[in-house]
Amino acid sequence: MTEAFDGTAPNLVHSRDLAVLVGILAELEGELMASEVPRHLADRLRERFVRLGLLGPEASERDLRQAVNDLNHRLRYGLGEYPELPPQLPVPD
């Protein structure tokens, strides 16, 4: 797998797969907000977002929650829930 992505994916994805990921991301965001995600897992998730250019190397816990929220809304756009990419909706501190 390449680590440099831009543009859209070359292959279609089933709607049910996107719907499952939207639900997983919503649960993950809630657990991150409640500080219920183990530190090692949160760090690995943050590292993945950094590696793929969705977060800066000095990203905070709130930044990770924001990145998860943003990804969730982009997937919801892919499902057709929005007519265009939604603007960033800030997560609480």
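Each Lys and Arg Cβ is given +1 and each Asp and Glu Cβ -1; about its Cα centre, the stretch 15-79 then shows a dipole of about 200 debye.
Compute the acute angle (0 to 90°) between the alpha-carbon long axis of helix 39-51 and the principal axis of greatest extent of the alpha-carbon atoms of the chain; round to the nearest 10°. On a 0 to 90 degree scale, this one is about 50.
Stretching Arg44 away from Tyr82 to a fully extended chain increases their span by 10.7 nm, per 0.36 nm per residue minus the current alpha-carbon distance.
Full extension of the chain between Arg74 and Asp93 gives 4.7 nm of extra length, using 0.36 nm per residue less the Cα-Cα distance.
Taking a virtual spin label 7 Å from the Cα of Ser15 along the C-beta vector, which residues in the stretch 57-73 bring their backbone nitrogen under 18 Å of it? Taking a point 7 Å out along Cα→Cβ of Ser15, the residues of the stretch 57-73 whose backbone N falls under 18 Å are 73.
Relative contact order of the chain: 32 percent, from C-alpha pairs under 8 Å at least 6 residues apart in sequence.
For the chain, what does -39500 (n - 2.57) per DSSP helix run (n ≥ 4), summed and divided by total residues, give at 222 nm, in deg cm²/dmol to the nearest 500?
On the way: 3 runs with 51 residues, N = 93.
After summing the helix terms and dividing by the residues of the chain, the value is -18500 deg cm²/dmol.
No value in this document is a laboratory result; all are computed from the given coordinates. If you're wondering where the values come from, they're calculated on a predicted model, not measured in any experiment. Positions of Cβ are backbone-derived with ideal geometry, glycine not excepted, and every protein chain shown enters the neighbour counts.
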